[in-house]
Amino acid sequence: MKIKRFLAKNMREAIRLVREEQGPDAVILSNRRIDGGVEVVAAVDYDAALMQQAQRVAPVIAEPVAAPPVAAPAPQPAPRRAAAAVPPPAPVTPRPTAPLTPVAAPELQQLRREIGGVRRMMEQQFASLRWKDLHEQQPERMGALRALANIGIDPELVRSILDEMPAQADGERARFLPLGLLSRRIPAVKKDFILDGGIFALVGPTGVGKTTTIAKLAARYAERHGVRDIALVTTDHYRVGAQEQLFTYGRLLGVPVHTAANGEELARTLFRLSDRKLVLVDTAGLSPRDQQLQAQFAELHGSRSPMRVLLTLSATQQAGDLEEIVRRFKPAKPEGLILTKLDEATRIGGALSVAIRHRLPVGYIADGQRVPEDLHLARPDQLVLRAMQLTRQNPALPQDGTLALQYGVLNAGS
């Protein structure tokens, strides 16, 4: 291990000197302020095993322990001859304490930035160490991690799946076990519930395919029970042509289509349709941040008719956007998901992660425009298989550096 001391005006300059002389693999061992700047001690070619051992051993900070009380000496009898009187000690005048010099705001901000830079640098170094250990000592877990990350599964979910894997597993089992563990976590319905009838309202942001999905659900029911007991209702009076699209599907299917401009009209319409076994309500597609969203939820739940809400999500959306949508539509109390546009997605791990995290059962998946051929009952194992097929069709393996930063802490403490 090569250790060297660097002197610089500030921490940024010191880090630059370390990188120039010792390279990006250098590790800062200590730093402190000195007159005129900072002192940094850095090292290269250090012993990784010792570093990892040091990480596992928590630093013990010794607290000051009060000294045991000393027993006072037994009183001695006074001497027979009087001792000379001892003059009292002179009063001690306390020294004035010099006031602390306040740190200027710009200097404090600069110091915080420098400390933050050092912290990020150390986190990267530790992540690299842990990633290297995972790569060398646990190749099975590494393979599982790569497979799940390639699907697009959330890092926290990957962590929980890897924690369930045994320490030792042969290659074939290590290959399929994480996919099985992922499949077990996906909440899905156990039956084709749309065939049982009821009142269903589809909610979700604009452009996810709610209207086409309603037509597919109606056609799915009609294949089993006919069209006599089906009715469609639209509350979408915002989007141009939205009602016309549903009316077109209604004419093709041979089922009536009703409109409702507000909550009162929706309640009256549903009351009139109480003799229908299946009523599908198409709502307006609104942005998750639209102020009309809460009013839409109030309209749906203001009716006395029992209504089940299904959240429609597009599998093409990013995981962060899906998380925001689910959070914003939570007041609608959806009891399940319908995933659409699987034929346009390159990764569906984000959608699966959101369903698992919020425990929303996936009811149906849609992967095309055909009615009703492109609507399927969701099965967890089939969803995982579909996710793997998409990764093979659209290979985009993440870089080791990215994986190290995202997953470097997975084996911390193991």
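The numbers here are math on the coordinates, done by the rules we state, and not lab data. The model shown is predicted, which means the values in this text are computed figures rather than measured ones. Don't worry about glycine lacking a Cβ; one is built from the backbone with ideal geometry, like all the others, and counts go over all protein chains shown.
Observations on the structure shown:
- Remark: spin-label model distance Q110-R173 equals 6.0 nm, labels positioned 7 Å along the Cα→Cβ axis.
- Placing one equal scatterer on every Cα of the stretch 248-302 and applying the Debye formula, the log10 ratio I(q)/I(0) at q = 0.18, 0.30 Å⁻¹ is -0.71, -1.26.
- Per residue, the convex hull spanned by the alpha carbons of the stretch 268-391 comes to 119 Å³.
- Note on R251/D343: beta-carbon distance plugged into 1/(1 + (r/R0)^6) with R0 of 22 Å gives a FRET efficiency of 0.30.
- Rel. contact order, % - alpha carbon contacts under 8 angstrom, at least six apart, the stretch 193-378: 26
- Pairs exceeding 21 Å between alpha-carbon atoms, taken from K277/K341; K191/K277; K191/K330; K216/K330; K216/K333: K277/K341; K191/K330; K216/K330; K216/K333.
- Rounded, prolate or oblate (a/c below 1.5 giving rounded, otherwise prolate when a/b exceeds b/c) for the stretch 193-378 by Cα gyration tensor: oblate
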